[in-house]
Every structure is written in structure tokens, then in C-alpha cells.
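Peer 1: My questions all concern the structure below.
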Amino acid sequence: MTTTRLPDRTADRVLALEARRAQAVAGNGPRRRGKFSARERIDLLLDPGSFTETGLFVRARPTGDGARRPYGDGVITGCGTIDGRAVCVFAQDSTVFGGSMGEAFGEKTVALMDLALRTGCPVIGLNDGGGARIQEGVVSLALYAELVRRNVQASGVIPQISVVLGPCAGGAAYSPAITDFTVMVDGASHMFVTGPDVIEAVTGERTSAEELGGARTSNSLNGNAHFLAADEAEALDTVRELLSYLPANNLERPPQYAPLPPPADVPLDEIVPDRLGQAYDMRDILRAVVDDGELLEVQELFAPNIICALALVEGAPVGVVANQPSHAAGVLDIDASEKAARFVRFCDAFGIPLLTFADVPGYLSGVRQEQAGIIRRGAKLLYAYAEATVPKVTVVVRKAYGGGYAVMGSKHLGADINLAWPTARIAVMGAEGAVGVLHRRELAAAEDPEALRAQLVDAYESTHGTPYIAAERGYVDAVIAPRDTRDHICRALRALRGKRSPMPERRHGNIPL
């Protein structure tokens, strides 16, 4: 009896798989001029050959109107590595339904967020889409809410980075707002809740997408973004640089590198001007203290009166918060308080020590600031410092007056090591103001009030206008020569490496939002 051998169909099935895969990864239409495709963006971001895609064969849900159902449904999701470290990434594909979120699109993105949380690796979103997919109705809205819920669950657990490479409007804008950092491209990115056409129809105001929510508006005016890039390649390079300072998750220590010395040509002993009202650039001091003089500034264009930056000290990441005397004398206003508070809380969530440099005249006074809520919103920075349990080292460089002294990493908010330069003036207020309040009757009765005022100001400066009263009370651990600042900071951070600071058991605090 002879047996007939069935034809081997495996080869045919493999060929069919390859054809289906080729169809799935093929472009779905023309892309915007000058832009990379979604897959090209992923290739630029990740280490070569490291990307493993998820949901390749997921298709758009049928809508009953005969619409095409492309593979991927407008978003590419998967895992890869950056500098050998694992990350999860999704990239919206504007060539498929304008990059709008449908049911399958949303489920893929949510599944990727769940994977990132399970594996404890950062997640990066490359946003270039048209918001909710109208033809799929409430389902697309539901998936946006599901995505935001994952963003909240991941907050403080894994780093979340959003890159806006095109439009990001309506409900789509709220997910980047919850993530830790947002990068935008000058002249190409737009992020707003309501577009120019709708605003004109509803309010009669005429504006442009660039003015309303362009990259410069978002980086400098409203603070919605943290980094401004000249082009897409620079935006993705920024993500890679940012991740180099961050741990993979809140249970891991930040990465450690070989230490590099700071530049040797910065004369710190001479950097602070003799005259109190004279400005200088705080970044000159910071670069003389951190490894290789390198700072990655966060929200550099927003609230420039305060500096927030990531840097390395002896090869270990630190978060730097510093008043900037070259902008509004380094005063704390609403924007500066909120900018610094969020940065402090991020560093605390991921175990990054805080290094604070204070030269602050206090909180900004004025009708507009008071009516806009500087009490409530300025308190966010107090809350953030008091809540933080990471190592905290503070250096008072020059003035530290009033509430500004208290909030900028003082001992009273839980700082571990507080240092001061001999140029520091720690007091309730400046000498001129203090003399005017304390001696107003004497000045009014004096034959030469200006001479008396000068004498009283000198006396106040020599007593209250120094760091030594604070040092006598233990509020300052040491008054140091400026040239020795890095050495003292390094010693302090080494001593604090094993810091433990248990907090009372609670669901969470109620920060004044």
C-alpha cells in the first residue's frame, strides 16, 4: 500500500507571513514635509537593531462604513534599548487616520504602558497625532482616559518622557502634561486643548497654532514643555541625554559614571560682586562645581529666575536648584516656585540627591502675584522640599532673606548639610528695609537722616547681614571659602549616600495644587 505525502505548506505559510509583515510595516501614505516617519524616529532614538515591536498585526476595528483597516492602527509600540538600557516606546503614525487614537491604537498604547510598569523601565511617547478618532466615538475618549490612568500609576515609579513632534491637541495633550518631561521641536510642534479655529468661533479671538501652543510658547510662556529642540534629531538626542541621568525605576539607584573634574579656571572666590544689587550668572558657579562643568537645564526658557538642572558630582547624578541673580535678582514668583517644586518632587521620587544654591531676596510682592495665588502656589516649593527624603545639600551664596531663606533648602525644611559662603547674608530682610522699619522714628528725628541711615545699615550688615548668627545656632553647618565648595559638596554627598528617612504611613499628602 502506498501513502501519498501531503505537500509541505510550511514554506508557503512563512512566505505569507513575510508578505503580511511587509504590508504591516509599509508606509500608509505621504508624511508631512521634512519629517521622519514613525519607524525612522524609533530607529533614531534606540540603539541600532534593538527594537522589538509589539502589536504589529493589530488592526483598526471595523466601523461598518467600509473604511480601510490598516495594520498597527496608527501607532507603533515596542521595546528596545538606549545606551544598552531597556526602554518602552510608542510612536504615533500621522499617515494612518492622521495619527488619531482609535480603539486598537489605544489598547496597544495602554498595553505598552502596562508592560513598562511590569518590567520597571522608562516609557517614551513620540506624539504626532490628531487626537480622538471621531468615527470611533466614545471608545477613543475612553482609551485616552485609560492612558492617563496609566500615566498616573506610573508617576514616580518609572520615568515618563513625551516628545511632541507635530500636533498634540485636545485630550491628547493631557497625557504629556502628566508625564515627567516634554520635549518639543521649534516650528513643528503644537500642543493645546482648543485649536485656533475653535477659539475664533467661540470667543472671536484670532491666533495661530504657533502663538497658541507652539514649542516656544510651551517652553517660555506657559511652562508646558521642558526642552526646546531645533529639529527632530536634536529632540531625540535630548531624550537620550536625559535618560543618562535617570534610573530605570524608583527601586534602582541612578546610574554611576567615572568622575570628571570641573573646569579649573573659574575663580569662585571672586565671582560674587561686592555690591549686593549687582547681578552675576549663577551658572558660572554651578559649572565650577559639577563634573566637567556640564548641566542639563530643565525648562531653561521658563521662569529663568530659577535654575533647575541635572548634573553629575563624582560621577553620580544630582538635581540642582539655584536662584539666578541675573534674572529679577533670583526672586521667587509663582512660575519659579512651581517649576522648582515639580523638579524637586521628580528628583525625590527617583532617588536623585538635591543640591541647592541660594541667592534669593524672597518671594515677589505685588498685586498681580497676590491675586494670582502666590501664597498657595508658592507653598508648593515649601511642600516639595519638606516632603523630599533624598540627600539634600544647600549652599547659601549671597542673600537669603525672609521666606526665600526658609524655602531654598533650609535646615528647617529638612536639609541635611547646609553650607554658606562668607558673602552670605541670612536675615529677615535686607539691611535697607530692616533699618527703615526698626529705626524709622530715629531717622525721622535725625538732623542728617542719610548719614544715620548709612551708619545703621553698616551696623546691621556687620551683625545680622552675615552667615555667622545662623552658624552659631546650627542652621548652617559650616561657613566655607568659595573655592572649597565642590570638596565640601562631595564629602557631604558621600556621607549621605546611605540616608534613610522613614515617613508616616499615609495614602499621600495633600500638596497645595
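Only the coordinates and a few stated rules stand behind these numbers; no lab work does. Computed from a predicted model, the values in this text were never measured in an experiment. So basically every Cβ, Gly included, is an ideal-geometry build from the backbone, and we count neighbours across all protein chains shown.
Peer 1: With unit charges on the beta carbons (Lys and Arg positive, Asp and Glu negative) and the dipole taken about the Cα centre of segment 358-513, which residue among Thr423, Gly409, Thr389 sits farthest to the positive side?
Peer 2: Farthest towards the positive pole: Thr389.
Peer 1: Would you please report the Å³ per residue occupied by the convex hull of the alpha carbon atoms in segment 94-174?
Peer 2: Residue-normalised Cα hull volume stands at 80 Å³.
Peer 1: When the Cα centres of segment 412-435 and segment 126-165 are compared, how far apart do they sit, in Å?
Peer 2: Spelled out, the Cα-based centre of one part sits 45 Å from the other.
Peer 1: For segment 218-260, what is the convex hull volume of its Cα atoms per residue in Å³?
Peer 2: In segment 218-260, the Cα convex hull volume per residue is 121 Å³.
Peer 1: Hey, another quick one. Which value in nm describes the separation of the simple spin-label points at Leu443 and Glu294, placed 7 Å from the Cα toward the beta carbon?
Peer 2: About 5.0 nm separates the two model spin labels.
Peer 1: Given +1 on the Cβ of Lys and Arg, -1 on the Cβ of Asp and Glu, and no further charges, what dipole in debye does the chain carry about its Cα centre, rounded to the nearest 20?
Peer 2: So the dipole magnitude of the chain works out to roughly 1840 debye.
Peer 1: Related question: Charges at C-beta only: +1 for Lys and Arg, -1 for Asp and Glu. How large is the resulting dipole of segment 140-287 about its Cα centre, in Debye rounded to 20?
Peer 2: I would put it at about 580 debye.
Peer 1: Residue farthest toward the positive end of the dipole of segment 248-308, with Cβ of Lys/Arg at +1 and Asp/Glu at -1: which of Ile307, Leu260, Leu295?
Peer 2: Ile307
Peer 1: How large is the Kirkwood hydrodynamic radius of the chain, in angstrom, based on all distinct alpha carbon pairs?
Peer 2: That comes to 25.5 Å for the chain.
Peer 1: What number, in percent, do you get for the relative contact order of segment 225-321 if the mean sequence gap of Cα pairs under 8 Å and at least 6 apart is divided by its residue count?
Peer 2: After rounding, I find 28 percent.
Peer 1: Tell me which lysines have Cα within less than 30 Å of Lys392's Cα, excluding those fewer than 8 residues away on the same chain?
Peer 2: Partners within reach: Lys339, Lys380, Lys411, Lys499.
Peer 1: Shifting gears a bit: So if I average 1/r over every pair of distinct C-alpha atoms in segment 264-402 and take the inverse, what Kirkwood radius in Å does that give?
Peer 2: 15.3
Peer 1: Shifting gears a bit: State, to one decimal in nm, how far the label point of Thr81 lies from the label point of Leu15, with both points 7 Å from Cα in the Cβ direction.
Peer 2: 3.7
Peer 1: What residues of segment 151-170 lie in the reach of a label at Ile178, counting those whose backbone N is under 19 Å from a point 7 Å from the Cα along Cα→Cβ?
Peer 2: Answer for segment 151-170: 151-164, 168-170.
Peer 1: Pop the C-beta distance of Glu234 and Val139 into the FRET formula with R0 = 30 Å and round what comes out to the nearest 0.05.
Peer 2: 0.25
Peer 1: With everything on Cα atoms, drop me the angle between helix 449-463 and the longest principal axis of the chain, reported from 0 to 90° to the nearest 10.
Peer 2: Tilt of helix 449-463: around 70 degrees.
Peer 1: What is the magnitude of the charge dipole of segment 413-513 about its Cα centre, with +1 placed on the Cβ of each Lys and Arg, -1 on the Cβ of each Asp and Glu, and no other charges, expressed in debye to the nearest 20?
Peer 2: 980
Peer 1: Related question: If packing is taken as the average count of other Cβ atoms within 10 Å, what order do 392-398, 322-328 fall into, highest mean first?
Peer 2: Output ranking for 392-398, 322-328: 392-398, 322-328.
Peer 1: Follow-up question, since we're still on this one. If you find the alpha carbon centre of segment 453-496 and of segment 337-394, how far apart are they in angstrom?
Peer 2: 21
Peer 1: With the cut-off at 1.5 for a/c, could you classify segment 353-484 from its C-alpha gyration tensor as rounded, prolate or oblate?
Peer 2: It comes out oblate by the Cα gyration axes.
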